[in-house]
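What follows is calculated from the coordinates using simple rules that are stated; it is not laboratory data. As the structure is a computational prediction, the values presented were derived from the model and not from experiment. Neighbour counts run over all protein chains shown; Cβ positions are idealised from the backbone, glycine included.
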Amino acid sequence: MLENISFVGGIHGVGKSTICKSICGKFNINYLSASEVLKWSKLNTDIKNKKVDDISFTQDLLINGLNEQVNKSEHYILAGHYCLFNKMGT
């Protein structure tokens, strides 16, 4: 489906964006942030709080956002987190 996207995941603050942007600049690859694709600021007013109301809904938002933003003839690196937590932290 989105074969032209490589995913780089890790915990908050480890430098995902920094390393991805560096790689993208050197190899003329597009950079995407999962938070930006999700429009995280619309999902949660506290951008540091990564807990969501509905995990499936949030995953669907990411997939739909990628389908809207990605050009299949170009390559991308997507930086994000490996998992989502619901409001209960699970």
Give me the angle, in degrees from 0 to 90, between the Cα long axis of helix 16-27 and the longest principal axis of the Cα atoms of the chain, rounded to the nearest 10. 20 degrees
Using a 7 Å offset from the Cα along the Cα-to-Cβ direction at both residue 88 and residue 2, what is the distance between the two label points in nm, to one decimal? 2.7 nm
Length gained if residue 60 through residue 26 is fully extended, taking 0.36 nm per residue and subtracting the Cα-Cα distance, is 9.1 nm
Taking Cα atoms only, helix 55-69 is inclined relative to the longest principal axis of the chain by an angle, in degrees rounded to 10, of 30 degrees
Rounded to the nearest 500, what is the chain's calculated 222 nm mean residue ellipticity when only DSSP H runs of at least 4 contribute -39500 (n - 2.57) each, over all residues? -11500 deg cm²/dmol
